[in-house]
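A.B. asks: What follows is a structure written as C-alpha cells; I'll ask about it next.
Rule-based calculations on the coordinates, nothing more; no lab input. Remember, it's a predicted structure, so these values are computed and weren't measured experimentally. Cβ placement follows ideal geometry from the backbone for every residue including glycine, while neighbour counts extend to all protein chains displayed.
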Amino acid sequence: MKMPKSRPQPPRPDRRRSIRGSFSWIDHRFLREGFDQGLSRLEKLLYFVLVAVSNQDGVSFYSDARLAELLDIRFPHELEAARNELVARDLIAYEDGIYQVLDLPVGSPRKGRDSSPDRALRSSSSLPPVRRTVLREAASDLESVKQLLERWGWGHR
C-alpha cells in the first residue's frame, strides 16, 4: 500500500503569508513551461515587479520613472528594451503608460516552437535563447556606455 505524501511543514508557521487587501501571483507555467527561457535578468525582474504591483486585472499604474527606480535602471532605453521584449513575447501589454500582465498564452513556448531549417535562416530569433540574451545585454551595455560618454562630453567634437 502506497502512503500519501505528507505536505511539508513551513519552518516558521507563525509567519505564514496571508492576503491583506491586495495580492499577486506568478503562474507556475511561467517557469515550468519555459516562458522565462531566453529572458534577460532585467526582463525577468520587470515581469516579476509588474506581477507584484498589479491589481486583480494585471494592471499596474507604476510610472516608468518609479519602475526604473525599483529596478535600479539608469537609462530609459534599458526599461524600454525589457518592456518591448515582454510585449513581443505576449507576456505583458503596454499602452499610454499603463502596463498589464497578461494571462500566459495557451501554447507552451517549449512545445510551440517552429524548429524548421527554413525558419532558422529567415530569423535572428533562431539563435539559442542564451545567445539572444547575451547579444541583447551587450547592445544595452553599449548604449549605456554611449550615453555616459555623451553625458561626459566625449561624443561631440
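A.B. asks: Please say if the stretch 11-72 is rounded, prolate or oblate, where rounded means a/c under 1.5 for a ≥ b ≥ c the square roots of the C-alpha gyration tensor eigenvalues, and otherwise the choice is prolate for a/b larger than b/c and oblate otherwise?
C.D. replies: Since a/c reaches 1.5 but b/c is at least a/b, the shape of the stretch 11-72 is classed as oblate.
A.B. asks: Here is a follow-up. What does the charge add up to near Ala93, with Lys and Arg as +1, Asp and Glu as -1, over the other residues with Cβ less than 14 Å from its Cβ? List each step's numbers first, then the result.
C.D. replies: Working: positive: Arg83, Arg89; negative: Asp57, Glu85, Asp90, Glu95, Asp96, Asp103.
Counting the neighbours of Ala93, the net charge comes to -4.
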